[in-house]
Amino acid sequence: MKKLITALLTSLIILANMANAKEESFSAPLKEGDGSAKTVLAVYIDVEPEKREEFLKEMLALVAATQKEDGNLEYTLWRDYKGDNTFFLYEEYKDKDAFAKHEASDHFQHFVKRLGEIGGITLRGKVMNVESATHPNHKK
C-alpha cells in the first residue's frame, strides 16, 4: 500500500508540474509549427538498487516506443556515471499536442502503472514550452 501511495504522489507531483508549465516568450508569441516552439522535459530519476533492473526493463521499453511517436524529437535516457541508480531523461516534442499524445499513449500509461507497482523510484522534473533564441524564425 505504501508503494502505491508513493507512486500516486509521485505521479501527482509530475502532473502538477506539467499543469503549471507556462508558455513564455522572448519577444514574440510562440509560433508552434514553425520550428521555433517546442515542449521539452528534463526528468531526474533515482531508483533504489534492488528496483534497478525492473525499472530499466520498463523504461527501455518506454524509450523505444516513444522514439517512434510522431512528434517526438528526442527521448534519451542517461545514466549518471557516478551512480548506477541515478538517471536523467531528456524529452523533446515538436509541440504541446505531440506531448499530450505521448501522455495519452498506451505505452506511457502502462509505464506509469508499472512505476506504481515497482515502487522505490523518485522522479523530479520540469516541463517547459520553449522557443529557440537562436532559431532563424526568432524575432529579436
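Every number in this text was worked out from the coordinates using simple rules, so none of it is lab data. Here the structure is a predicted model, which means the values were calculated and not measured. Virtual Cβ from ideal backbone geometry, glycine too; neighbours counted across all protein chains shown.
The distance linking region 66-113 with region 35-65 is 6 Å (Cα centroid to Cα centroid, whole angstrom).
Charge tally for residue 87 (other residues, Cβ to Cβ under 15 Å; Lys, Arg +1; Asp, Glu -1): -2. When 86, 76, 39 are sorted by how many other C-beta atoms sit within 10 angstrom of their C-beta, beginning with the fewest, the order is 76, 86, 39. Of 113, 38, how do they rank once you tally other Cβ atoms within 10 Å and put the fewest first? Result, fewest neighbours first: 113, 38. Close amide H partners of residue 73, meaning residues 5 or more places away or on another chain with modelled amide H under 5 Å apart, are 92, 93, 94.
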